[in-house]
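Working notes, structure below.
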Amino acid sequence: MSQPFPKMFALRQDFPPTPPIDVAATVQCELAPLIAQLRPGAKIAVGVGSRGITNLAAIVRVALETLRSAGAEPFILPAMGSHGGATPDGQRELLAEYGITETAMGSPIHATMEVEQVGVTEEGAPVFVSVEARRSDGILLINRVKPHTDFSSDTLGSGPLKMLVIGLGKRAGAAAFHIAASRLGHERMLRSIARVIVKTAPVLGGLGIVEDPHHQTARIAFLPTNKMETQEAGLFQEAKRLMPRLPFDAVDLLIVDRIGKNISGAGMDPNVILRGVQGYTSDLALLQQAPVVRRIFVRDLTPETHGNAIGVGIADATTTRLVAEMDKNVTYINALTSLTPQCAKIPPCFETDREAIVRLLETLATGEPARAKVIRITDTLSLSHVEVSEAYLPELTGRSELSVMSTPTEMTFDSAGNLPSFR
């Protein structure tokens, strides 16, 4: 008897639209107050991270051009903590994946992991900053603002403030932060360490980027140093409101086509998959409380992640091909620096998608795998178009933001036993 699979259909989520912005004009306008303060010849470190941010290359390029037009001499500084295997070459490669090269940007890239300790916080935590950044005449950070993957807050997540602490701290600073945060809390230590850096390094401010549910640029704002904390909080609220979600709360099996550092710091965003980096429970009694994702199957890595498979340990199953693509050294450095070794653990891995799905459906303990609530997504940044199982059909009533794009059909696999490309 063949294994029964849920029938799947395509579903579109119609997120509220946001007005388009002129990226170049906005960057120039936002940086105008900063430009007026710069002296000719000032060497400005422009911090750029490892996330896959829409229009990142364009934003960085215009920022550099704007700085040069004022007579400054900007250079690009990888501000990504321990990513890229915590090596200069690895971090250069990550930037290149986003089109950020010396040739394309017209500015040099100073990729070095050298840091110096600039003080301690009132809690006694050491504070480290990139030597290149501290010796510059000014530091401008460029980063997306969004909810963090490791902690929850109403006012702070990922953004220029986090890049200041972890990105410019390189591997040493990232490790020191995570050690302190494990004892005293992420938000508290981000703020505490940032305040020390601002007092000891020439921080000019940051460009905060907010993306809409379609992963498009919704807003770009300059955050001057003396207002960075308060103004980033406003961007954070907007980013939190615009963040895309899964179309349904209760999910038996979530199929994620790809994970990677360009998608999320955790490979796949815990804010979307409803599962934190510090582990989860498989106790069916506890999982009756929605929202919950009971099982997660991760199929592949993104090319841009360069083998960094952090986040695979959050999943319940993966494929042997993903494990073969995994750069263990890069993954382990990232996971151990962030004190989340479980994110690098390899879950049960299977030769084919078909086998992985069969095995996970069996673990649901429902006795009716064909009736399972299954959602398939490309990644946690791409949630406008998904596939869901027919068990969700009754839940479409009254959901005007959801549009059915196809009729339910049997889950199909190619000759190798793998799912076809996402429709």
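All of the numbers you see were taken from the coordinates with simple rules; none came from a lab. In this text, all values refer to a predicted model and were calculated from it rather than measured experimentally. Reconstructed Cβ throughout: ideal geometry from the backbone, glycine too, with neighbour counts over all protein chains shown.
A few notes on this one:
- Part-to-part distance (alpha-carbon centres) for region 151-197 and region 359-423, which is given in Å: 37
- For the peptides 258-271, 317-330, residues were scored by their other Cβ atoms within 10 Å and the scores averaged per peptide; the highest-first order is 258-271, 317-330.
- Ratio Rg/Rh, restricted to the chain and using Cα atoms, in which Rh is the Kirkwood radius: 0.99
- Under 14 Å from the V292 label point (7 Å along Cα→beta-carbon), backbone N, region 262-277: 274-276
- Amide N proximity, region 383-397 versus T407 label position 7 Å along Cα-to-Cβ, cut-off under 16 Å: 390
- Over 30 Å (Cα to Cα) - which of K227/K328; K199/K328; K43/K240; K170/K345; K170/K240 fall in this group: K227/K328; K199/K328; K43/K240
- Taking 0.36 nm per residue of sequence separation and removing the Cα-Cα distance, the R12/A104 pair yields an extension gain of 29.5 nm.
- Calculated FRET value between T363 and Q37, using beta carbons and R₀ = 56 Å, to 0.05: 0.40
- Relative contact order %, the chain, counting alpha carbon pairs below 8 Å whose residues are six or more apart: 21
- Residue-count net charge about E351 - beta-carbon cut-off 15 Å; Lys, Arg +1, Asp, Glu -1: -1
- Placing a label point 7 Å from the Cα of T155 along the Cα-to-Cβ direction, the residues of region 239-256 whose backbone N falls under 18 Å from that point are 239-241.
- The orientation-averaged projection of the convex hull spanning the C-alpha atoms of region 37-242 amounts to 10.3 square nanometres.
- When you count the other C-beta atoms within 10 angstrom of each residue and take the mean per peptide, 153-162, 405-414 line up highest first as 153-162, 405-414.
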